[in-house]
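The values are calculated or read from the model by the stated rules, or taken from the named source; none is laboratory data. What you are looking at is a predicted structure, and each value in this text was computed from that prediction instead of being measured. All Cβ positions, glycine included, derive from the backbone under ideal geometry; neighbour counts span all protein chains shown.
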Amino acid sequence: MIISRLANGLVPYTAGEQPAGKTIKLNTNENPYPPSEKVCEVLRGFDISRYRLYPQPDADDLRRAIAEYEGVNEENVFVGNGSDEVLSFAFAAFFGGNDLPVLFADVTYSFYKVFGTLYGVKYKELPLTEDFRLDVNAFLSEKAGGVVIANPNAPTSISERAEDLIKIAEAHSDVAVIIDEAYADFSHVPSFAPHTKKYENLLVVKTFSKSRSLAGARCGYAIGDAKLITVLRTVKDCFNSYPVNAVTAAVAEASIKDTAYFRDCTRKIIATRDRMSEGLRALGFDLPDSDANFVFAKHEKLSGEYLQNELRKRNIIVRRFGGERIKDRLRITVGTDEQTEILLAALKEIIG
Ligand code: PMP
């Protein structure tokens with residue numbers, strides 16, 4: 001059987017598992033709280049006859065609501081089927097136009113490598129420092145065909161200083177610099193979206209999956225200069241004219257308009273995260289101060305594999321990645337207070 005050159009040898013991203021049955025699921029950074037009541041109202045009242053028709057190709061109503069929330073114009077917003085799709089389109093749209101590598105960290109969201117390979121784009125992974133921070137000087141001095149930075153970074157949970165990211169955007173003003181803000185709503189560093197007005201090469205990517213409790217709806221967006229958004233739309237229209245389905249567009253619109261609920265949820269998660277971090281440290285874990293809805297923890301004595309397996313026996317699922325530097329670290333999503341208590345009690349029992 002002949003398969004395409006494109007598909008031959010591809011190594012896909014491995015998504016965190018979605019186990020059936022009752023578990024305490026702390027492995028894919030989902031929100032432990034339900035979506036806004038406004039989302040439920042939209043779902044209950046959704047006019048099913050609309051399902052007969054294709055949705056708006058560019059999700060105009062949703063883009064308008066996002067533009068209002070972000071303080072930009074509609075022409076500065078692109079919406080996709082999850083931020084993974086938005087990132088994928090961004091790789092196709094902006095990278096590979098020259099022979100210079102796209103720069104990203106060695107420990108970061110592993111999908112960037114997958115997109116690079118899929119689109120045949122050269123990339124260079126710049127090692128994080130000992131304490132998992134971006135090597136800002138390396139990002140400034142390397143010649144680049146583009147830059148991608150997750151801020152806060154995943155799986156490290158660390159945010160970089162805004163001044164440093166601005167310097168990087170300025171140093172590479174002729175290529176796209178993407179800031180992936182999947183977790184920025186949990187961070188003390190304000191979103192970079194307003195900076196896209198000044199820096200025409202800056203693209204900020206966000207998601208409804210984490211802080212908006214809509215991972216199942218699949219919706220993400222990008223904010224950037226209208227010229228960047230136009231190219232993204234061209235790429236999108238070469239894949240799929242309607243990536244955002246009618247129900248998702250409607251619920252995402254309701255969600256982005258409900259700022260009060262969103263603030264309340266993120267505040268709760270941040271408070272639980274800080275308590276969970278203290279609890280983990282008291283049990284002998286080392287972890288950076290998290291700026292996201294997960295922590296990145298390593299025990300002083302026990303291996304990551306052992307801890308992950310022992311937690312699994314107790315129906316608690318956490319994530320662990322390969323690679324010498326991080327294989328002993330557990331990435332643990334912040335759940336509810338109750339889930340956190342169960343997690344800490346289980347770890348206490350395991351550690352003995
Ligand atoms: N960026 C980062 C850093 C992530 O961790 C994730 C979640 N796996 C995404 C983007 C994609 O999120 P989604 O496609 O659900 O919007």
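What the table below lists for this structure:
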item	result
Lone unmet requirement of (1) touching a residue at least 60 places away in the same chain (Cβ under 8 Å); (2) over 27 Å from ASP289 (Cβ atoms); (3) within 16 Å of the ligand (Cβ to nearest atom) for VAL175	(3)
Qualifying positions in region 104-122 - within 11 Å of the ligand (Cβ to nearest atom), out of contact with any strand residue (DSSP E or B) (no Cβ under 9 Å at 6 or more places or on another chain) and outside any helix (DSSP H, G or I)	SER110
The one condition in (1) within 16 Å of the ligand (Cβ to nearest atom); (2) touching a Lys or Arg at 6+ places or on another chain (Cβ under 8 Å); (3) of a type outside the set (Phe, Trp, Tyr) that LEU128 fails to fulfil	(2)
Candidate set: region 182-213, residues that are near the ligand (Cβ under 9 Å from one of its atoms), part of a loop (DSSP other than H, G, I, E, B) and buried (at least 24 other Cβ atoms within 10 Å of the Cβ); chosen: the one nearest to the chain's Cα centre (by Cα)	ALA182
Among (1) more than 24 Å from SER241 (Cα to Cα); (2) of a type in the set (Gly, Ala, Ser); (3) surrounded by 17 or more Cβ atoms within 10 Å (Cβ to Cβ); (4) away from the ligand (no atom under 12 Å from the Cβ), the one test that ALA59 misses	(1)
Unmet criterion (only one of (1) without any contact (Cβ under 8 Å) to a residue 60 or more places away in the chain; (2) within 15 Å of the ligand (Cβ to nearest atom); (3) crowded, with 24+ Cβ neighbours inside 10 Å) for GLY216	(3)
Considering residues of region 146-164 that are within 15 Å of the ligand (Cβ to nearest atom) and aliphatic (A, V, I, L, M) only, the residue farthest from LYS227 (Cα to Cα)	ILE158
Some residue of region 151-161 being surrounded by 20 or more Cβ atoms within 10 Å (Cβ to Cβ), free of Cβ contacts under 8 Å to residues at least 60 places away in the same chain, part of a helix (DSSP H, G or I) and at negative phi	no
Some residue of region 126-144 being touching a Phe, Trp or Tyr at 6+ places or on another chain (Cβ under 9 Å), of a type outside the set (Phe, Trp, Tyr) and surrounded by fewer than 17 Cβ atoms within 10 Å (Cβ to Cβ)	no
All helices (runs of 4 or more DSSP H) inside region 250-352 with 3 or more residues being at pLDDT below 95 and touching a helix residue (DSSP H, G or I) at 6+ places or on another chain (Cβ under 7 Å)	none
Residues of region 58-95 classified as of a type in the set (Gly, Ala, Ser), assigned to a loop (DSSP other than H, G, I, E, B) and in contact with a strand residue (DSSP E or B) (Cβ under 8 Å, 6 or more places away or on another chain), total	2
First in region 237-253 and closer than 10 Å to PHE208 by Cβ, second anywhere and of a type in the set (Lys, Arg), Cβ under 8 Å, 6 or more apart	THR248/ARG218; ALA252/ARG212
